[in-house]
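The values are calculated or read from the model by the stated rules, or taken from the named source; none is laboratory data. What you are looking at is a predicted structure, and each value in this text was computed from that prediction instead of being measured. Glycine gets a Cβ as well: all are built from the backbone with ideal geometry, and neighbour counts include every protein chain shown. The accessibility values were calculated without ligands, DNA or RNA, using every heavy atom of the protein model including side chains. Shrake-Rupley method; radii C 1.70, N 1.55, O 1.52, S 1.80 Å.
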Amino acid sequence: QFANSKNWKKNFAFSEIISNNPNVGTRMVPQLKSRTFEAAAGRSLMLVRKDSFNIIEHFFKEGEDFIYFEKGELNSKLSHILENYCDYIDIINSAYYKVRNKYTTLNFFKDFIVPFAKEK
């Protein structure tokens, strides 16, 4: 359990999980699942629920690669997208090419494995 780890409160990722305020309670833990990249690679329009972490922004750009939606507005966003689907093709393609150019296993190998191999 993360709460048993030393200095866990100093980690930004856990900053909103536990609060001394009983009205707040426990919140979600930030995660970025591989399905984000799989969706982009499959040329799907990524609709992402905006939260206080917004981890996707470390990899993709809002409005360029994905669309945010806020609580309570998913139905209206979906309706608008379905009625204006052609307007979102550039966003779909941008995310697709970003995955192909930056987030492949070959890029991972070049960025993280090769540098360590050269150190030895």
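Here are some notes:
- Test: residue in the range 58-70 that is open to solvent by 70 Å² or more (accessible area, probe 1.4 Å) and more than 28 Å from Thr104 (Cβ to Cβ): yes
- When the range 94-120 is filtered for residues that are at pLDDT 95 or above, out of contact with any strand residue (DSSP E or B) (no Cβ under 7 Å at 6 or more places or on another chain) and open to solvent by less than 50 Å² (accessible area, probe 1.4 Å), the ones remaining, listed by number, are Ser94, Tyr96, Lys98, Val99.
- Any hit, the range 36-58, residues being assigned to a helix (DSSP H, G or I), without any contact (Cβ under 8 Å) to a residue 60 or more places away in the chain, among the polar types (S, T, N, Q) and touching a strand residue (DSSP E or B) at 6+ places or on another chain (Cβ under 9 Å): yes
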